[in-house]
Structures are given as structure tokens and as C-alpha cells.
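Okay, structure first, notes after.
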Amino acid sequence: MSISGPVRRPSLVIRMRRYWFLYLLFVPVIVYYLVFRYYPIFLQGILAFKQYKLSSGIWGSPWVGFDNFTYVFARPDFYNVLENTIVISLLRIAFGFFPPIVLAILLFDLRSSWLRRVSQTILYIPHFFSWVIIYGIVFAMFSNTGMVNQLITGIGGSEQNFLMAPEWFRPLIVGSGIWKEIGWGTIIYLAALTGIDPSIYEAAKVDGAGPLQRIRHITLPGIRPVVVFLFTLSLGSVLNAGVEQILLFYSPATYEVGDIIDTFVFRQGLNQLQYSMATAVGLFQSVIGLILILSANWLAKRYAGTGIW
Amino acid sequence: MSNGNEKVYQAVSSAIVLGLTLLSAIPLIYVISMSLVNEQEWIDRGGFILWPQNPTLIAYERLFQGTAVLQALSATVVRTVLGTALVLLMTTLAAYVLSKRNLPGRKPMLFFILVTILIGGGLIPTYLVVRDLHLLDSVWALILPGLVDSWSVLVLKQFFENIPGELEESAVIDGAGEVTLMCKIMIPMAAPAMAAIGLFIGVAHWNSWFDALIYLDDSKWHPIQLLIRNMFSSSEIGAQFNNAGQHNAFNPVNRVSAESLKMALVVIGTLPILCVYPFLQKHFMKGMYLGAVKG
């Protein structure tokens, strides 16, 4: 920038001393990250290869190589858990990914601004509810005394045990997830839609394009990068199938279709105190998850032009 | 021709949007209505109440007669206020420092924080850290593990970076030191963004229960969400809150169904969220659209 010839930069030490106050401010942040974020990562790498004994602690417990992993992979129920995790994640993507896109386009095109405002206000609310509350609402709707069963028996049908029946578990999980997030999910698309140059729409109108042509040739291309980006991102997190929600919704009657990696780790680790085995599963999940998210980012960069970083 | 299409399209999309809005609203109305009836009305109407005929606060009265709900609410208020204040403080520190473009080592410091968005230690190792720090069964177990939110650091850092550099330069020329610059100029400028982030962090604290499930055996610090979860799985909630000792305890008019008690708990668990919702909505609509404009 300077036009008066090269200026000698002060040495690093001098520059750093000028900012000593800022480094001081950053110390608590560093301490937090080391203790609560980095140390657990380190522990995960250690504990997964040890046989944790309560009496000898983490450091005194013996190394066992890959024993924890071979033990887990020999358990038939683990494959069931793995399958449930992937199936539930894919169901969430298959049924939950597109509704917010459609809703965003409809909201964006609505001419009645009061309908848009009112519906947006209501549709965003469930996003801010905890999963406990969502479970409460699902209970109100689908329990044996709930609204849906009252309607079914009211028209002469027979009561369905929605909350305990394995065949209803996944529809309820996926459905209530969509119910919670459909409104919130539109926001990012609405932001992308407002970025489209209005004059393109004007020109299309002059050319006599109808609403469907408009959507196909202007709206969809306009949000395509965001769609591709979010889609690859969601593929990157298929091993995280929503632990809080499932922990609330599932029961021994529905383990078979609902037990996922995170709930398995929760039960094996914290209820059965199998720390090493649960940590090994956690490490497996972390490593696969990291590979997935890195590939997803690579794909997003390649096909959408935007990655996460 | 295309004008007719447009009308059809507007009609169809209005109908779909209206339908989805009703699908969102009806369960909420049903929950509120169910919480406002006594056992008599519940029996009379076969448990299907979209609008109460004789609204009563009996479910709420019963819930607040015991100490459990009040204790859970006060525990939740403490963790939410304390947690939000500390997270906001730490997040602001991190974001402010990282927004200094000339700071030597800024890149690795940023990287140090962002890595944790991608990888984490998982449930058990984090639990062991909290246990070994003797934080189990204390309110700190609900606060310290989430003391900095990496995403919020990114958002706030960007906000600090967008404050015009001239402001900082003129302050430095006027002789402002680093502390004055931060406290008197930069932080007041960022106050709206901090308020927005604080609201979101506050909502997250109010809503959390999983950490309490993991870290607290003792129910002293059990937050309201965990209490609600436990009461939903309890089969004795009806008996618990319809105890004898009340006048005419077996008359359904003086009783409240387990369903109504549960729905009243759901309303209690969401009421603060609904109170701050208008502010949230203002912030996220504005913030999101601004973010999009910037690209």
C-alpha cells in the first residue's frame, strides 16, 4: 500500500507485544477449548484402545488394541443400529429435504402479503421448541387418548397404538421432524430468492411466461447452488440421526427400528458403564462422519461452487 | 392466458400455505385447550377439545401447588441467565480478538476454534472430563461444557469486521487505549448483534435437557424440560396432582386428567419462548436477509 518505498515490518515479537492485551483476552477462550473440546478428542483416541476399569482410571487401565472394535463389530445388534441410523437419516432427507423448498417458493410468490406474514409467523414457531415439547405435542396428537385416535374412533375405526408400534415409529420421527423444521428450513431459500434480480421476473412477464415456466426457468436456477450445497451437507451427516428426538420417542418396544448409534452409545456407555466400548463406537462414528463431511464439502465445491470452507 | 394461470397458481399456493399453517397451528391450539379443562369436561367431551367450553386454570394450579415445577423453573432461570451471560461474554471475547486483522497468529487461532465444529470428542469422553472436574450434579455441568459457541463466534466476528475502520482509527488518534476502544466503541456498536445471539443462546439454554440427563443424578438442578420429560413417562402424574385433602377430591369438577396436566406442562415449557419469539423473529428475518445480500 505504501508509496514511499518498502517499510521494514517490525519483528514478530514487537508486533505481538503490541497486542498483548488481546492475547490476554483470548486466554480463557483457549483454556475452554483445550479442556472441553480438545481434551475429549484426545481421550477418545486413548480410551477406544483401552479396557477402562473404574478402579484404575483412564491412565491405569490396560491397552487392548482393537479389541473394543472387534467386540462391537461382532455384535449382531450393532449392524441393526447402523442400519437404523442410515435408514432414518435417509428417510429424513427423502421426505424432509424438498418440502421447505416448495414452501419457500410458494411463500415467495404469494401476492397476499398478510397471508405470507401470518403463515411465516406461525410456521417458524416450532423450530424454537425443545424436542421434549415436540414429543409432548406428538403425544397430544397420537397417544391412545390423543386427537388422531379420537378422530379415528369417531368415524368408526379402531384405535392405533402409534407411540409404541414399531411400524409407526419412523413415520412419527420423520414426520414430527418435518413439522418442527419445515418453516425454519424455508429461510435460507427465501434469502436466496430475494437475491434474484427482479428485472428478470419482469422480463419473463413481458414475454408471457406463466408461473410454472417462471419457476422452472428463473426461480429454480436461482436457488440451485443453495439446494445442491444443503443437499450434499445433509448427506455428510447421515450418521447423526437425531439423538435427542429418538431418545424421547423410542422405547424397548421400538429399539428394533429406532435404536441409532448415538442412543446405543448413550445406553452402553452411561447406563451399562461400558466406557471403552461406547467410546470406540463414538470414535468410529467421528472418523466416518469426518470422511463423509469432507467428501460432501468436496462435492459441494465441485457441483455447487460453494463449500462450507 | 398466462394471467389465468397466475390466478390459478395464486389460488393453489394460497390454499397450500394456508393448509400447512393450519397444520402447524392446530396442534398448538389443541395443546393449549386441553390444558384448560377439568376432568368433568374432559370426560364429557371424550377427550377431544379444540376449544374449551368452561376454561379453567385448575391444571396449572395443581402443578404449582407442588414444589417440583417451581424448583425446575427456578433452576432453569438460573442456568439460562448465568449460561447466556457467560456464553455471550466468552463468545464476544473470542470474536473481538479474532476480528483484528493485523493480529499476529490470527489464522491459527481461528483454525483452532473452527476445527471443533468438525470434530468432537463424543459423549463418553466429554462426560468423563465433566466427571473428573467434579462438576457432576452442579449447575456448572450445564454451563461450562458449552461456554463458547463456535458458530456464534464466526457470526459476531464478521459483525466486528464490518464496523468501519475509520471509527477505530479516529479513536486511537484521540488516545483511546485498547480497553477504551473495546468497551466504549466496538462493543456498543455490536450490541444489536450480541442481543440477537444472546436471544438464540438463551432459547437453547431454556430448551436443553439432554445435558442435565447425563450430568445430573440429583434433581436439584433438573431443568423444566427434563422434568416435563420425566412426568410424561410417569404413569402416576394424575394421582400425584389429584391427591386427597382437597375439597370434594373425587368430584371430576375438582379433578384434572393426566392428559390436561401434561398439556399444561407443555404450555409452561414453551411460554417463555413464545414471549421472546417476536424479538427472535425480528432478528432472524433481518439478520438472515442481510447475510444473504452480502453473499
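Shape of chain A from its Cα gyration tensor (a ≥ b ≥ c, root eigenvalues): rounded if a/c is under 1.5, otherwise prolate when a/b > b/c, or oblate? Oblate is the answer for chain A, as a/c is 1.5 or above yet b/c matches or exceeds a/b. Within straight-line reach of A:K205, meaning a Cα separation under 25 Å, sit the following lysines at least 8 residues removed in sequence or on another chain: B:K7.
I'd like the Kirkwood hydrodynamic radius of the protein assembly as shown, using the inverse of the mean 1/r over distinct C-alpha pairs, in Å.
After inverting the pairwise mean of 1/r, the radius is 27.2 Å.
Residues whose amide H lies under 5 Å from that of A:K50, counting only those 5 or more places away or on a different chain, are A:V64; hydrogens are built 1.01 Å from N in the peptide plane. Restricting attention to region B:66-233, lysine pairs at least eight places apart or on different chains and with alpha-carbon atoms under 18 angstrom apart total 4.
On full extension, the segment bounded by A:N240 and A:H217 gains 4.8 nm, given 0.36 nm per residue less the C-alpha separation. Treating r as the C-beta distance of B:S219 and B:C183 and R0 as 30 Å, the FRET efficiency rounds to 0.15. Annotation for A:I86 and A:T121: the two label points, set 7 Å from Cα along the Cα-Cβ direction, are 4.6 nm apart.
Could you work out the mean count of beta carbons from other protein chains within 10 Å of each residue's beta carbon in B:8-21?
6
By Kyte-Doolittle mean hydropathy of at least 0.5 and Cα axial length of at least 18 Å, which whole DSSP H helices of chain A are selected? The answer, listed by residue number, is A:20-32, A:76-96, A:166-194, A:220-235, A:275-304. A Förster distance of 60 Å, applied to the separation of the beta-carbon atoms of A:N161 and A:S199, puts the FRET efficiency at 0.60. For the options A:V35, A:V174, A:V27, a Gaussian network treatment of chain A with springs between C-alpha atoms closer than 10 Å singles out A:V27 as fluctuating the most. For the peptides B:43-51, B:77-85, residues were scored by their other Cβ atoms within 10 Å and the scores averaged per peptide; the highest-first order is B:77-85, B:43-51. Ranked by the mean number of other Cβ atoms within 10 Å of their residues, highest first, the peptides B:12-19, A:232-239 fall in the order A:232-239, B:12-19. Region B:3-72 and region A:89-107 have their alpha-carbon centroids 25 Å apart. For the residues of A:18-31, the average number of beta carbons from a partner chain within 10 Å of their own beta carbon is 6.
Shape of region B:41-165 from its Cα gyration tensor (a ≥ b ≥ c, root eigenvalues): rounded if a/c is under 1.5, otherwise prolate when a/b > b/c, or oblate? Cα axes put region B:41-165 in the prolate bin.
Counting 0.36 nm for each residue step from A:E256 to A:L290 and taking away their Cα separation leaves a gain of 9.6 nm.
With the highest mean first, a sort of the peptides B:172-185, B:117-130 on other beta-carbon atoms found within 10 angstrom per residue produces B:117-130, B:172-185. By other beta-carbon atoms within 10 Å, ranking A:R116, B:R131, A:R37 with the fewest at the front produces B:R131, A:R116, A:R37. Measuring r between the beta carbons of B:L133 and B:A11 and using R0 = 51 Å, the FRET efficiency lands at 0.25.
Once the chain from B:K282 to B:S74 is taken as fully extended at 0.36 nm per residue, the excess over their C-alpha distance is 72.1 nm.
Bridging of A:K50 to lysines at a Cα separation below 29 Å is possible for none of them, once same-chain residues fewer than 8 apart are set aside.
Think of it as helices only: each DSSP H run of n ≥ 4 in the protein assembly as shown is worth -39500 (n - 2.57), and spread over all residues that comes to -22000 deg cm²/dmol at 222 nm.
Work out the mean other chain Cβ neighbour count within 10 Å for the residues of B:198-205 and drop it here as an integer.
Shielding by partners across B:198-205 averages 1.
Any read-out appearing in this document is the output of simple, stated calculations on the displayed coordinates, not a laboratory observation. This structure is a prediction, so every number in the text was calculated from the model and none was measured. Methodologically, a virtual Cβ is constructed for each residue, glycine included, from the backbone with ideal geometry; neighbour enumeration extends over all protein chains shown.
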